[in-house]
1. Of all the accessible heavy-atom surface of the chain, with the other protein chains kept in place and a 1.4 Å probe, what percent is carbon and sulfur?
2. Find how much the distance from Glu19 to Asn127 grows on full extension, using 0.36 nm per residue of separation minus their present alpha carbon separation; answer in nm with one decimal.
3. Using Cα-only point scatterers and the Debye equation, what is log10 of I(q)/I(0) for segment 36-154 at each q in 0.17, 0.18 Å⁻¹, rounded to two decimals?
4. Taking a ≥ b ≥ c as the square roots of the eigenvalues of the Cα gyration tensor of segment 120-176, is the shape rounded (a/c under 1.5), prolate (a/b larger than b/c) or oblate?
5. Give me the aspartates and glutamates in straight-line cross-link reach of Lys9: C-alpha distance below 20 Å, same-chain residues under 8 apart excluded.
6. What whole-number distance in Å separates the alpha-carbon centres of segment 82-157 and segment 1-60?
7. Cβ neighbours within 10 Å, averaged per peptide: list 87-100, 66-79, 19-32 in order, most packed at the top.
8. Over segment 107-176, average the accessible area per residue using a 1.4 Å probe and give it in Å², no decimals.
Amino acid sequence: NEIATILNKAQQGQALIGERAVVASDLCVLVRDRNEADSMRQALTLCGVSSVYLSRQSVFETPLAFEFYLLLQAIYEEKNERAIRAALITPFFGYSINELWSLTQNEQNWQQILDKFADLHHIWLRNGVMAVLQYLLVRNDLACGWKQSQANPERMLTDIRHIGELLQQKSMELDG
């Protein structure tokens with residue numbers, strides 16, 4: 001409640017750091033463990049305050065990292081329709097099983113999907129994995145979609161950008 005009060009006062013110009021209004025990223029809550037972090041996140045959500053939390057868990061150990069792996073595998077193997085179907089049910093595309101079935105039954109629509117993955121493959125080869133991620137974030141409006149369907153979209157965006165940056169950096173260090 002105190003955090004929500006501070007942020008509301010900041011919007012009215014009553015909570016300042018120097019000359020500027022306090023923003024959410026100025027605030028930090030220290031907790032002992034993941035359970036306290038989850039409790040704090042839920043309390044902040046109830047107050048209408050978006051939040052993210054840092055953990056000691058590797059970003060590569062998250063479910064989203066595995067789903068990003070499925071996506072990258074489908075893009076890398078652009079003609080592997082099985083990999084593409086797996087990628088389409090990840091949060092990056094968000095198809096349900098029924099939607100995926102319908103999509104694969106329509107040859108014209110399925111060809112458009114195959115063409116999209118070929119385009120993503122070329123973006124990756126030309127500009128790297130981070131360019132693919134940025135393309136999908138914008139083209140598929142992932143932030144908006146995740147806000148509507150996921151429990152913690154801010155964490156997902158933070159994690160996926162972190163993974164993308166790490167992969168982009170590593171790809172610049174290695175050949176192939």
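The values are calculated or read from the model by the stated rules, or taken from the named source; none is laboratory data. Being a predicted model, the structure only gives us computed values, none of them experimental. Ideal geometry is used to build each Cβ from the backbone, glycine not excepted, and the neighbour counts take in all protein chains shown. Accessible surface areas use protein heavy atoms only, side chains included; no ligands, DNA or RNA. Shrake-Rupley method; radii C 1.70, N 1.55, O 1.52, S 1.80 Å.
1. Working: 5970 of 11750 Å².
C and S atoms contribute 51 percent here.
2. Values: separation 108, 0.36 × 108 = 38.88 nm, distance 4.03 nm.
Full extension of this stretch gives 34.8 nm more.
3. The Debye formula, applied to the Cα set alone, gives -0.93, -1.01.
4. Details: a/c = 4.32, a/b = 1.78, b/c = 2.43.
Note, shape of segment 120-176 comes out oblate.
5. Glu19, Asp26
6. 31
7. Working: 87-100: 16.6, 66-79: 18.4, 19-32: 11.1.
Those peptides, ordered most packed to least, come out 66-79, 87-100, 19-32.
8. Numbers: 4340 Å² over 70 residues.
Ligands and nucleic acids excluded, the result is 62 Å² per residue.
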